[in-house]
Amino acid sequence: MESSISRIAIDGPASSGKSTVGHRLAIALDYLYFDTGVLYRAVTWGALQHGVDTNDTEAALDVAKVLSIEVVPSDYDDGRKNTVLVDGTDATWELHTPNVDANVSGIARNAAIRRLLIDTQRDIGAAGRVVMIGRDIGTVVLPDADIKFYVTASAEERANRRYAEHQRNGVESDYAEILASIKARDHADMNREVAPLVAADDAYIIDTSDIGIAEVVAEMQRLIAKQHDNSHT
Ligand code: DC
């Protein structure tokens, strides 16, 4: 029987593991995996390419309005989950450099840019059979998602993971700087006026500090099955 749990929202702070578990979950269910963070990162990268200050609300919006962002399945075997084309250029790895990390909060708190990006996200959500990852999916983008997860972990554990990821990708970085950047981004994400990072009231909260990816995915699948059964009794 087709599962009644079609739109799955996963939110959480930077490097909490939400993308990794969300990707595994999407593969297990044969659903589309969509990480909304790449949209904010693509606008950030585009603004930086155009020499625009990401905190300049109007100028950044102008860039966002004309930028073409395509998220397409990947043909590469280099660890990417999707390929992100920004104005036709493959910017997949560029989107995860420390420079983009440091500037993305300015774009994420830009209310007009958020409105622009929300339609794309809702269209993808409306098609169903999707695991959508972000900060405000369960609260703002898909408030009526069929199931919501809020994935979190300590800042130190998350910095460890981001550092290991940079090493794997050959990106030069420093642990202390990453930790400071994660804490700064948490603060910016949780305290911004529009769509702040917060668990939806009806989200399942999963702390991944001490449990592995496979266990988290298994727990999510268990909760999805339970929710499906409940909706049929
Ligand atoms: O998940 P990430 O690290 O790739 O996200 C990058 C930034 O984008 C993050 O600082 C917060 C922002 N973001 C957001 O505000 N809303 C989303 N739905 C996804 C990401």
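The values are calculated or read from the model by the stated rules, or taken from the named source; none is laboratory data. On a predicted model such as this, the values are computed, not experimentally measured, just so you know. With ideal geometry, Cβ positions are generated from the backbone for all residues, glycine too; neighbour counts draw on all protein chains shown. What goes into the accessible areas is simple: the full protein's heavy atoms, side chains included, and nothing from ligands, DNA or RNA. Shrake-Rupley method; radii C 1.70, N 1.55, O 1.52, S 1.80 Å.
At a glance:
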read-out: Selection count where residues are open to solvent by less than 30 Å² (accessible area, probe 1.4 Å) and part of a loop (DSSP other than H, G, I, E, B), scope segment 82-104; value: 2
read-out: Lone unmet requirement of (1) at pLDDT below 95; (2) open to solvent by 30 Å² or more (accessible area, probe 1.4 Å); (3) closer than 30 Å to Ser3 by Cα; (4) away from the ligand (no atom under 13 Å from the Cβ) for Gln167; value: (3)
read-out: Single match in Asp62, Asp11 (criterion: surrounded by fewer than 21 Cβ atoms within 10 Å (Cβ to Cβ) and either among the acidic types (Asp, Glu) or modelled with pLDDT of 95 or more (or both)); value: Asp62
read-out: Hits in segment 1-27 (condition: among the polar types (S, T, N, Q) and within 16 Å of the ligand (Cβ to nearest atom)); value: Ser15, Ser16, Ser19, Thr20
read-out: Filter result (open to solvent by 90 Å² or more (accessible area, probe 1.4 Å) and either at pLDDT below 95 or closer than 26 Å to Ala112 by Cβ (or both)) within segment 191-206; value: Asn191, Glu193
read-out: Unique match (being more than 23 Å from Leu85 (Cβ to Cβ) and open to solvent by 20 Å² or more (accessible area, probe 1.4 Å)) among Ala188, Ala159; value: Ala188
read-out: Segment 133-153 residues that are free of Cβ contacts under 8 Å to residues at least 40 places away in the same chain and open to solvent by 30 Å² or more (accessible area, probe 1.4 Å), paired with ones that are polar (S, T, N, Q) and assigned to a loop (DSSP other than H, G, I, E, B) (beta carbon under 7 Å, 6 or more apart); value: none
